[in-house]
């Protein structure tokens, strides 16, 4: 994250010798095709999830995923503005705010999914009570986000730049640790479930044999890994 963008003045309306690209988010003109693809992809995801959420009445999950997908799309719109003008403060603010918030909403959808999977497959095999997966991990993500935005704001003021950057870094590390701990608990639950598979109820066994259920679990796992990699990269 390049908080130096906050130091650019309104006099820098386009790149020049006096207004170099180095302090910008990318240090160069962002690529257009991948940004357009990302906008289209996340917009479609938001629309599909909205339709499916209304159809199946998965209101809370729908809100998390729709908000996360919409924020991703808007964030990449901000990056397109940076292509038009890499020194655009508005473009920088749009993309940094939206693309920092979006993974937290998508992660919340994953936490909620695990809660309901555990309730269906067998709560007794879980290390934590099902409701704690949403309460604890969403709370941890909120704390991490607050640290990131607070750090960014402090760094943007310039006087305490190093303190701000360290605070933002702590927030990012906190988000990674939260995801990692969640992943460990998921693997632990999956292992316990497999070990005690003969004790599963008929309903749980039927669910596990469903190709729709398996596809859903795979999609959740892929999304989780993608979010984790993204947070580590940041």
| request: Among the candidates 36, 47, single out the residue that is under 23 Å from residue 216 (Cα atoms), at pLDDT 90 or above, surrounded by 11 or more Cβ atoms within 10 Å (Cβ to Cβ) and in contact with a helix residue (DSSP H, G or I) (Cβ under 9 Å, 6 or more places away or on another chain). | output: 47
| task | Report the residue count in segment 198-211 for those that are exposed (fewer than 14 other Cβ atoms within 10 Å of the Cβ) and not in a loop (DSSP other than H, G, I, E, B). | result | 8
| query | Do we have any residue at all in segment 223-234 that's within 30 Å of residue 171 (Cβ to Cβ) and part of a loop (DSSP other than H, G, I, E, B)? | reply | yes
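For residue 97, state whether it is under 21 Å from residue 141 (Cβ atoms), modelled with pLDDT of 90 or more and within 17 Å of the chain's Cα centre (by Cα).
For residue 97, the condition - under 21 Å from residue 141 (Cβ atoms), modelled with pLDDT of 90 or more and within 17 Å of the chain's Cα centre (by Cα) - is met.
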| task | Please specify each residue of segment 181-196 satisfying the condition of being surrounded by 13 or more Cβ atoms within 10 Å (Cβ to Cβ) and farther than 20 Å from residue 144 by Cβ. | result | 188, 189, 190, 192, 193
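Residue by residue, here is whether (1) touching a residue at least 12 places away in the same chain (Cβ under 8 Å); (2) part of a helix (DSSP H, G or I); (3) surrounded by 15 or more Cβ atoms within 10 Å (Cβ to Cβ) holds:
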position: 146; (1), (2), (3): yes, yes, no
position: 168; (1), (2), (3): yes, yes, yes
position: 172; (1), (2), (3): yes, yes, yes
position: 179; (1), (2), (3): yes, yes, yes
position: 213; (1), (2), (3): no, yes, yes
| field | Whichever residue in segment 55-76 is in contact (Cβ under 8 Å) with a residue 40 or more places away in the chain and surrounded by fewer than 22 Cβ atoms within 10 Å (Cβ to Cβ) and, among such residues, is nearest to residue 36 (Cα to Cα) | value | 61
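The values are calculated or read from the model by the stated rules, or taken from the named source; none is laboratory data. Here the structure is a predicted model, which is why all the values come from computation and not from measurement. Methodologically, a virtual Cβ is constructed for each residue, glycine included, from the backbone with ideal geometry; neighbour enumeration extends over all protein chains shown.
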